[in-house]
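Novice: Input: one structure, supplied below.
The values are calculated or read from the model by the stated rules, or taken from the named source; none is laboratory data. Note that the structure is a prediction, hence the values are computed from the model and not measured. As a convention, Cβ positions derive from the backbone with ideal geometry for all residues, glycine included, and neighbour counts pool all protein chains shown.
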Amino acid sequence: MPSFKTLDDSGDVRGKRALVRVDLNVPMQDGAVSDDTRLLATLPTVTELADKGAIVLLLAHFGRPKGAKRPDMSLSLVTQAYAEVLGRSVQFVPESAGEGVAAAIAVLRPGDVAILENTRFYPGEEKNDPALAAEMAANGDFYVNDAFSAAHRAHASTEGIAHLLPAYAGRAMEKELKALEAALGSPERPVAAVVGGAKVSTKLDVLKHLVGKVDHLIIGGGMANTFLAARGVAIGKSLAERDLTGTAEEILDAADNANCTVHLPYDVVVAREFAANPPSLRTCNVHEVAEDEMILDIGPAAVEALADVLKTCRTLVWNGPLGAFETPPFDAATVSLARTAAALTQEGSLISVAGGGDTVAALNQAGVADDFTFVSTAGGAFLEWMEGKDLPGVAALMR
Ligand code: ADP
Ligand code: MG
């Protein structure tokens, strides 16, 4: 992989101003941070830099103010919660670029930490305006990007600024890039990919990229229905995109040509109504789905066969649940296969990397998120990486 610099390359940072792009875009409820996962993810980098005596200036976006100053999207609302998580006092600076910042940070001492105002209050942020990037860069001696989740956007604080200062990957970014490289960059083979979720249309580019990369492509979730329909299977009232059966066929052909084995379920869990534990619940062969039934999960025989596939593999990358996991018992296949992957990882025979909003929720529901090698909470950036795209925020660090 083209290499990037990390904090190990940053030399003596004592007294230097570190502009650190982090993800502070936390959910709020009644004025309080309702999930501090993203705050926690910044701690290794921020603590390390502060302990080494840098003046740590955090750059982040918060919500979608679209270039306007919105008091309800001010990072001042997050500063107290951040200070508590960090266990140190944290200053808030009501601007993120220019002279105002320079004046506010002039009084900071080595080891101090400050949060600068929401970068998206500036119209130039999302336009990657070079003038804004330069005004941000003027307040720092070096730049650290620790926000993989924002790296798929070429913004002033994620991309432009990286060209103006010595730039390093933070610890969370470094860990994520190494895990992703191990999963799809230069993985140990055989490699399996699980792709599930509701729709083929949201993951077409993921599927197209993966067929050329992996040895086994396991398709589940609602999108498996479109593939089954493409193969002429009657899928009743199942969620499917019938206008995409041609595309599904093309993906199956591309997989054939690339020696990628595609696994579609041969038994499924169906019901006539979509509800928890519905009376019409049954498991059947894919060829026995009635006209008024819908497929809501893949079946136990399919899961057993997939577990056997994973046992032969060295690497697994997973995005998308295998069934409608929010509604019991349609989480059964996802939970079971996730536990198999977790056990194989713990035994040391499998490197497992997963990502996606609902996938993370499903792995938590199965109680195995900590047993995977790496679970990405990056959402859009993770999907773009699975599509094989270059992420501008990452590319700017590769020098
Ligand atoms: P992620 O957020 O991990 O990328 P997606 O958003 O693509 O995953 O897909 C998750 C959604 O897919 C869940 O809400 C789940 O209920 C739905 N889903 C999975 N299988 C089915 C199915 N057979 N029928 C209907 N919905 C399904
Ligand atoms: Mg989702």
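Novice: Considering only region 224-271, state which residues are within 20 Å of Gly323 (Cα to Cα), under 28 Å from the mean Cα position of the chain (by Cα) and charged (D, E, K, R).
Specialist: Once the filter is applied, which keeps residues that are within 20 Å of Gly323 (Cα to Cα), under 28 Å from the mean Cα position of the chain (by Cα) and charged (D, E, K, R), region 224-271 yields only Glu241.
Novice: Kindly state which helices (runs of 4 or more DSSP H) lie completely within region 285-399 and contain at least 3 residues that are small (Gly, Ala, Ser) and within 16 Å of ligand 1 (Cβ to nearest atom).
Specialist: 332-347, 357-366
Novice: Select from region 326-337 the residues that are within 16 Å of ligand 2 (Cβ to nearest atom) and either under 19 Å from the mean Cα position of the chain (by Cα) or touching a residue at least 60 places away in the same chain (Cβ under 8 Å) (or both) and list them in ascending order.
Specialist: Phe330, Thr334
Novice: Contact list please: Cβ distance under 7 Å, first residue in region 351-362 and touching a residue at least 12 places away in the same chain (Cβ under 8 Å) and under 14 Å from Leu316 (Cβ atoms), second residue among the β-branched types (Val, Ile, Thr) and more than 8 Å from ligand 1 (Cβ to nearest atom), pairs at least six apart or on different chains.
Specialist: Ile351/Thr315; Ile351/Thr373; Ser352/Thr345; Ser352/Thr373; Val353/Val317; Val353/Thr373; Ala354/Val375; Gly355/Val375
Novice: Does Lys178 satisfy being away from ligand 2 (no atom under 16 Å from the Cβ), touching a residue at least 24 places away in the same chain (Cβ under 8 Å), surrounded by fewer than 19 Cβ atoms within 10 Å (Cβ to Cβ) and among the charged types (D, E, K, R)?
Specialist: So Lys178 fails the test.
Novice: With farther than 30 Å from Leu281 by Cβ, within 16 Å of ligand 2 (Cβ to nearest atom) and buried (at least 17 other Cβ atoms within 10 Å of the Cβ) as the only criterion, which of Leu383, Leu397, Leu322, Leu363 stands out?
Specialist: Only one candidate passes the filter, namely Leu383.
Novice: Consider region 92-107. How many of its residues are surrounded by 18 or more Cβ atoms within 10 Å (Cβ to Cβ) and not β-branched (Val, Ile, Thr)?
Specialist: Adding up the residues that qualify gives 5.
Novice: Looking only at helices (runs of 4 or more DSSP H) that lie completely in region 64-166, which have at least 2 residues being under 22 Å from Pro44 (Cα atoms) and in contact (Cβ under 8 Å) with a residue 12 or more places away in the chain?
Specialist: By residue number, 76-86.
Novice: Name every residue in region 284-304 that is buried (at least 16 other Cβ atoms within 10 Å of the Cβ) and more than 18 Å from Ala230 (Cβ to Cβ), in order of residue number.
Specialist: Glu293, Leu296, Asp297, Gly299, Val303
Novice: Could you check Ala302 against (1) at pLDDT 95 or above; (2) hydrophobic (A, V, I, L, M, F, W, C); (3) in contact with a helix residue (DSSP H, G or I) (Cβ under 8 Å, 6 or more places away or on another chain); (4) within 16 Å of ligand 2 (Cβ to nearest atom) and say which number it fails?
Specialist: (4)
Novice: List the strands (runs of 3 or more DSSP E) that sit entirely inside region 167-221 and contain at least 1 residues that are out of contact with any Lys or Arg (no Cβ under 6 Å at 6 or more places or on another chain) and within 16 Å of ligand 1 (Cβ to nearest atom).
Specialist: Because the criterion is at least 1 residues that are out of contact with any Lys or Arg (no Cβ under 6 Å at 6 or more places or on another chain) and within 16 Å of ligand 1 (Cβ to nearest atom), the strands (runs of 3 or more DSSP E) in region 167-221 that meet it are 191-195, 216-219.
Novice: Exactly one of (1) more than 25 Å from Pro328 (Cα to Cα); (2) within 24 Å of the chain's Cα centre (by Cα) is unmet by Gly221. Its number?
Specialist: (1)
Novice: Condition (residue is among the basic types (Lys, Arg), modelled with pLDDT under 95 and assigned to a helix (DSSP H, G or I)) applied to region 241-256: is it met by at least one residue?
Specialist: The answer is yes, given that some residue of region 241-256 is among the basic types (Lys, Arg), modelled with pLDDT under 95 and assigned to a helix (DSSP H, G or I).
Novice: Follow-up. Just need a number here: residues in region 228-240 that are in a loop (DSSP other than H, G, I, E, B) and either over 19 Å from Ile218 (Cβ atoms) or of a type in the set (A, V, I, L, M, F, W, C) (or both).
Specialist: Qualifying residue count, region 228-240: 8.
Novice: Out of Ser96, Ser3, report the one residue that is within 22 Å of His152 (Cβ to Cβ), among the hydroxyl-bearing types (Ser, Thr, Tyr) and touching a Ser or Thr at 6+ places or on another chain (Cβ under 7 Å).
Specialist: Ser96 is the lone residue from the list that is within 22 Å of His152 (Cβ to Cβ), among the hydroxyl-bearing types (Ser, Thr, Tyr) and touching a Ser or Thr at 6+ places or on another chain (Cβ under 7 Å).
Novice: What is the residue count in region 60-83 for residues that are surrounded by 15 or more Cβ atoms within 10 Å (Cβ to Cβ) and over 12 Å from Phe121 (Cβ atoms)?
Specialist: 6
Novice: Does Thr340 qualify as being under 17 Å from Thr359 (Cα atoms) and more than 16 Å from ligand 2 (Cβ to nearest atom)?
Specialist: yes
Novice: Within region 82-94, take every residue that is within 19 Å of Thr119 (Cα to Cα) and aliphatic (A, V, I, L, M) and give me the one that is nearest to the chain's Cα centre (by Cα).
Specialist: Among them, the one singled out is Val90.
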